[in-house]
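The values are calculated or read from the model by the stated rules, or taken from the named source; none is laboratory data. The shown structure was predicted, so the numbers you read here are calculated from the model rather than taken from an experiment. Methodologically, a virtual Cβ is constructed for each residue, glycine included, from the backbone with ideal geometry; neighbour enumeration extends over all protein chains shown.
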Amino acid sequence: MSGLIEQLSANRNFQGQLSADELSGSLVDLAELDKTSEKQKLTGCLVALAGGPVAVAGFVLIDSQSQTSFLGWPVGVIGFGMLVWGLVSRGKAGSTDFEDRRYQLVDRLNRLIGVDMAPNAVLDLTLNLEPVDTKHKLVNKGKAGIWNVDYYEDSWLKLRGQLLDGTRFTLELTEKYQYRHRKKRSASGKIKHKSKTKSAIQALVSLKPKEKRYPDAGELGQQARGALQLPQATQVKELSAQDNVLTLKTARKGDWNVNSSTELFSGMLLSLYQVLNLSRKIGKSKSN
């Protein structure tokens, strides 16, 4: 079992260094573990659901005072055992039943970036596979109109490394999630609970190129914004250059998926390289 799977199995968190090949292999193993856990979780649930009625039937048989009442105890014990085994098995499997799209996105990004990295290059990965609405990710509570709102913020992915041209990169993804809920009294006088959710993601890409290769990157101003080519419905939150580090931060509303998020990161990386190439052209024109 790889270090990545060991850490994720223990507490759903990983922080460490892996090569692109090591990460790819570990994610394949993680996907297999996840699928196995999903099957075990389903099996445990079904066994527990079956065990409950069997246990009840056994205890009913004990009280029936019929000729077969002596079978009540073994039937009840078997049913109770099924119930306990099913619940324990379901709980144990749940600890390694992960949200597929999170590790699938890491795999896509690894493939996207890996082709522009040296074979022996190392990636720094911080990965959190806990659900976005885990209690400790709650950052605020408030009101939005008639709704009570629980605000969650989950910075669950950070990936850093170095590309073939010597440029250092950082990719980060933060998921923002709102759980909206309220009580409503129906016409019959009954109180009903209503709820809905809202989601958004915030992505960050930063590049630190070799200064000699890409001069004047921090002096482009509005020209840099004109070089951005991002997917539709993407909001640019920040485009800055400081200490020879180009940083682009974007946001997108709505639930996210692997394809759209990969497209977003790809567009951000290409856009920042457009900015770098523009700075290179400006540098050459100055020297002539």
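Mind checking which residues of segment 184-214 are of a type in the set (A, V, I, L, M) and under 15 Å from residue 256 (Cβ atoms)?
Kept after step one, since they are of a type in the set (A, V, I, L, M), are these residues of segment 184-214: 187, 191, 200-201, 203-205, 207.
Answer for segment 184-214, where residues must be of a type in the set (A, V, I, L, M) and under 15 Å from residue 256 (Cβ atoms): 200, 201, 203, 204.
Is it true that residue 195 is without any contact (Cβ under 8 Å) to a residue 40 or more places away in the chain, farther than 24 Å from residue 23 by Cβ, hydroxyl-bearing (Ser, Thr, Tyr) and outside any strand (DSSP E or B)?
Details: without any contact (Cβ under 8 Å) to a residue 40 or more places away in the chain: yes; farther than 24 Å from residue 23 by Cβ: yes; hydroxyl-bearing (Ser, Thr, Tyr): yes; outside any strand (DSSP E or B): no.
The answer is no for residue 195.
Could you run through segment 148-168 and say how many residues are surrounded by 11 or more Cβ atoms within 10 Å (Cβ to Cβ), among the hydrophobic types (A, V, I, L, M, F, W, C) and touching a residue at least 40 places away in the same chain (Cβ under 8 Å)?
Taking segment 148-168 as the starting set, the residues that turn out to be surrounded by 11 or more Cβ atoms within 10 Å (Cβ to Cβ) are 148-163, 165-168.
Now drop any that are not among the hydrophobic types (A, V, I, L, M, F, W, C), which leaves 149, 156-157, 159, 163.
Restricting the remaining residues to those that are touching a residue at least 40 places away in the same chain (Cβ under 8 Å) gives 156-157, 159, 163.
Residues flagged as surrounded by 11 or more Cβ atoms within 10 Å (Cβ to Cβ), among the hydrophobic types (A, V, I, L, M, F, W, C) and touching a residue at least 40 places away in the same chain (Cβ under 8 Å) within segment 148-168 amount to 4.
How many of the residues in segment 230-270 are closer than 14 Å to residue 171 by Cα and assigned to a strand (DSSP E or B)? Lay out the reasoning, then the answer.
As a first pass, look at segment 230-270 and keep what is closer than 14 Å to residue 171 by Cα: 245-251, 261-270.
Narrowing the set further to residues that are assigned to a strand (DSSP E or B) leaves 245-251.
Matching residues across segment 230-270 total 7.
I need a count of the residues in segment 241-264 that are modelled with pLDDT of 90 or more, of a type in the set (A, V, I, L, M, F, W, C) and in contact with a Leu (Cβ under 6 Å, 6 or more places away or on another chain).
Here is the first cut: in segment 241-264, the ones modelled with pLDDT of 90 or more are 247-264.
Next, from what is left, pick out any that are of a type in the set (A, V, I, L, M, F, W, C): 248, 251, 256, 258, 264.
Remaining after also requiring in contact with a Leu (Cβ under 6 Å, 6 or more places away or on another chain): 248, 258.
The total comes to 2.
Scan segment 1-19 and report the pairs whose first residue is at pLDDT 90 or above and exposed (fewer than 15 other Cβ atoms within 10 Å of the Cβ) and whose second residue is among the hydroxyl-bearing types (Ser, Thr, Tyr) and outside any strand (DSSP E or B), with Cβ atoms within less than 7 Å and a gap of 6+ or a chain change.
Final answer for the pair search is none.
Just to be sure before I move on: is residue 145 small (Gly, Ala, Ser) and within 15 Å of residue 27 (Cβ to Cβ) in the structure I sent?
On the way: small (Gly, Ala, Ser): yes; within 15 Å of residue 27 (Cβ to Cβ): no.
It is false that residue 145 is small (Gly, Ala, Ser) and within 15 Å of residue 27 (Cβ to Cβ).
What are the pairs with Cβ atoms under 6 angstrom where one residue, in segment 175-192, is in the same structural domain as residue 154 (by TED's automatic domain parsing) and the other, located anywhere, is among the aliphatic types (A, V, I, L, M) and assigned to a strand (DSSP E or B)? Sequence gap at least six, or different chains.
From segment 175-192, the pairs are 175/201; 176/200; 178/149; 180/149; 183/191; 185/191.
Please enumerate the residues belonging to segment 101-131 that are of a type in the set (Val, Ile, Thr) and modelled with pLDDT under 95. Walk me through it before giving the result.
Filtering segment 101-131 down to residues of a type in the set (Val, Ile, Thr) leaves 106, 113, 115, 122, 126.
Once the filter is applied, which keeps residues that are of a type in the set (Val, Ile, Thr) and modelled with pLDDT under 95, segment 101-131 yields 113, 115, 122.
With the condition kept exactly as written, say whether any residue in segment 78-89 is polar (S, T, N, Q), modelled with pLDDT of 90 or more and surrounded by 14 or more Cβ atoms within 10 Å (Cβ to Cβ).
We begin by selecting, within segment 78-89, every residue polar (S, T, N, Q); these are 89.
Still in the list and also modelled with pLDDT of 90 or more: none.
No, the conditions are met nowhere in segment 78-89.
Across segment 133-154, which residue is farthest from residue 256 (Cα to Cα) among those that are polar (S, T, N, Q) and part of a strand (DSSP E or B)?
Going residue by residue through segment 133-154, those that are polar (S, T, N, Q) are 134, 140, 148.
Applying the additional criterion that residues be part of a strand (DSSP E or B) yields 140, 148.
On the way: 140: 22, 148: 23 Å.
Among residues in segment 133-154 that are polar (S, T, N, Q) and part of a strand (DSSP E or B), the one farthest from residue 256 (Cα to Cα) is 148.
Quick check: anything in segment 104-112 among the charged types (D, E, K, R), under 22 Å from the mean Cα position of the chain (by Cα) and farther than 17 Å from residue 269 by Cβ?
Taking every residue of segment 104-112 in turn, none turns out to be among the charged types (D, E, K, R), under 22 Å from the mean Cα position of the chain (by Cα) and farther than 17 Å from residue 269 by Cβ.
I need the full set of residues from segment 94-115 which are aliphatic (A, V, I, L, M) and surrounded by fewer than 20 Cβ atoms within 10 Å (Cβ to Cβ), in order please. Before you say what the answer is, go through the steps one by one.
Step one: filter segment 94-115 for residues aliphatic (A, V, I, L, M), giving 105-106, 109, 112-113, 115.
The answer is 112, 115.
Listed residues 211, 238; which is modelled with pLDDT of 75 or more, acidic (Asp, Glu) and surrounded by fewer than 15 Cβ atoms within 10 Å (Cβ to Cβ)?
Numbers: 211 fails: modelled with pLDDT of 75 or more.
238 is the lone residue from the list that is modelled with pLDDT of 75 or more, acidic (Asp, Glu) and surrounded by fewer than 15 Cβ atoms within 10 Å (Cβ to Cβ).
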